[in-house]
Amino acid sequence: MKMIFISNNWADAHQQTRLQALSKLNLSIISIAALRNYYSVKSPFNSIFIGNMRHASYRKRVNIYFQLLYQLTKQTERNDFIYAFGFDLMLVCLFFKTISGKRIKVIYEVPDIRELFFSKSIRGKLIRVIEKIAIPKINLLVATSPNFISEYYIEFRKISVPDFLIIENKIHLTEIEKSLGLPVSIIPDHTRKIRIGYFGVLRCPASLDCLIKLSRNGRFEVILQGIFMPLTKHYEKVIQDEKHIHYLGTYQSPKDLNLIYSKVDIVWAVYPFSKNLIGNHLFARTNRFYECLFFKKPFIVQKGTADAKKVVLLGNIALEINLENEDKVVEFLAAHINPQNLVSMKKQLHLVPEKHYQITNEYKDLGKWLQLNR
């Protein structure tokens, strides 16, 4: 069997992890990838690069689409599989499947649903029409959150979903082991400030505003590590004047995860805040949710999100906030983030079964699907 792996962001750690897992399924894999202004990446895989992709700038991606079509023409054979990230790149793959007649099977992974899909604009309405036509035509839908299937596609969009698999952003133990072996910090005592960590893609202005205010309390120190997006890039300068908030630059996942989690006592796992009544924020699951469970770090979640709903089922392992009222959040966290509560949450974290945060049989299920549909 041969699989063409289509990446819309070669430096994305999640996509690299998925490629690593697919490479262990007895497949011959050819990777075709777009580059972005993102983390640096040291991948063990080679790829055919089709250009630089600008964030949310679809009109400037036309050359990438033609390059992808050209490479699909060169690289694919009858009955190959395509594993695609990115709705627009998936559409190109479906178009190629239609015109080529090669009976290629298209697998589409959904790690997020862009806000354009919820927009009331003409562009939003148009892309929803295209989505309703395209999704039933793919062969397998892979989602990182069960809420994408049950609540978004089926309940909200009323779309006929093809075969699907749920592969959450859980810890791949063989990958995470690369970061182990370093000392992990203990629950703080009264001799130093409690450290709050916000890691990954630092894309939420409301979160950063709240953390800046919280750092001025005098009892907390905030550690930021990751990459700022265009919407939040200016915060890199803003926090330079803040005494108790520090930006430590980018990091590589999973290699650096144990080190960055060892620096803090509680983690900001809040999904980027949105005032919209419906949106990706209600369905998606954050990497930090699973990482906190693995590293036994108490964390903070946003009310109404899929992560917050899961916390209710797992017990006293996190604090729930509502960023709609920033001042109340700061007051709440100042009162509830203390050594006693951190100890209590940490004890509960040790009781959470591994199946909630570590990959188990998900790739075996994918392997079975591939064998049945070859």
**Request:** Could you list which residues have their amide H under 5 Å from that of Asn9, counting only those 5 or more apart in sequence or on another chain, with H placed in the peptide plane?
**Result:** Ala34
**Asked** At a Förster distance of 45 Å, what's the computed FRET efficiency of Val343 paired with Arg103, Cβ-Cβ distance as r, to 0.05?
**Response** 0.15
**Request:** Using per-residue counts of other Cβ atoms within 10 Å, averaged over each peptide, order 225-233, 164-172 from highest down.
**Result:** 164-172, 225-233
**Message:** Using a Förster radius of 22 Å, what is the FRET efficiency between Phe95 and Lys158 based on their Cβ-Cβ separation? Nearest 0.05, please.
**Reply:** 0.35
**Fill in**
If every Lys and Arg gets +1 and every Asp and Glu gets -1 at its Cβ, then about the Cα centre the chain yields a dipole, in debye to the nearest 20, of 940
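Find out how many positive minus negative residues lie around Gly124, taking Lys and Arg as positive, Asp and Glu as negative, among other residues whose Cβ is under 11 Å from that of Gly124. Let's see the in-between values first.
Numbers: positive: Arg114, Lys120, Arg123, Lys125, Arg128; negative: Glu115, Glu131.
Counting the neighbours of Gly124, the net charge comes to +3.
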**Item:** About the Cα centre, charge dipole magnitude for the range 228-374 (Lys/Arg +1, Asp/Glu -1 at Cβ), debye
**Value:** 560
**Prompt:** If amide H atoms are built 1.01 Å from N in the plane of the peptide, which residues on other chains or at least 5 residues away come under 5 Å of the amide H of Arg195?
**Reply:** Glu221, Asp265, Ile266
**Prompt:** For the range 1-102, which trypsin sites (Lys or Arg not before Pro) are in a loop by DSSP, counting at most 11 other Cβ atoms within 10 Å?
**Reply:** Lys24, Lys42, Arg78
**Message:** With a 1.4 Å probe and all protein chains left in place, how much of the accessible area of the chain comes from carbon and sulfur atoms, in whole percent?
**Reply:** 53
**Fill in**
So for R0 = 30 Å, FRET eff. of Ser121-Val62 from the Cβ-Cβ r, to 0.05, ends up at 0.90
**Asked** Using 17 Å as the cut-off for backbone N distance, which residues of the range 336-362 belong to the label zone defined by a point 7 Å from the Cα of Ile166 along Cα→Cβ?
**Response** 353-362
**Item:** Separation between Cα centres of the range 257-305 and the range 308-345, rounded to whole Å
**Value:** 12
**Asked** Averaged per residue, what accessible area in Å² does the chain show with a 1.4 Å probe, protein chains only?
**Response** 47
**Prompt:** How about Lys346: which aspartates and glutamates have a C-alpha closer than 14 Å to its C-alpha, ignoring those fewer than 8 places off in the same chain?
**Reply:** Asp265, Glu291
**Asked** Using the per-residue mean of other Cβ atoms lying within 10 Å as a proxy for protection, in what order, highest first, do the peptides 235-243, 194-202 fall?
**Response** 194-202, 235-243
**Request:** Enumerate the lysines that Lys74 could reach by cross-link, defined here as Cα to Cα under 29 Å, with residues fewer than 8 away along the same chain left out.
**Result:** Lys2, Lys24, Lys42, Lys60, Lys97, Lys102, Lys105, Lys137, Lys368
**Message:** Check which residues have an amide H placed less than 5 Å from Tyr251's amide H, if you skip close sequence neighbours.
**Reply:** Gly226
**Asked** Relative to a virtual label point 7 Å from the Cα of Thr174 in the Cα→beta-carbon direction, which members of the range 6-33 show backbone nitrogen distances below 19 Å?
**Response** 13-31
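The values are calculated or read from the model by the stated rules, or taken from the named source; none is laboratory data. Owing to the predicted nature of the structure, the values given are computational and were not obtained by experimental measurement. Glycine also receives a Cβ, built like all others from the backbone with ideal geometry; neighbour counts cover every protein chain displayed. For the accessible areas, the whole protein counts, side chains as well, though only heavy atoms, and no ligand, DNA or RNA atoms are used. Shrake-Rupley method; radii C 1.70, N 1.55, O 1.52, S 1.80 Å.
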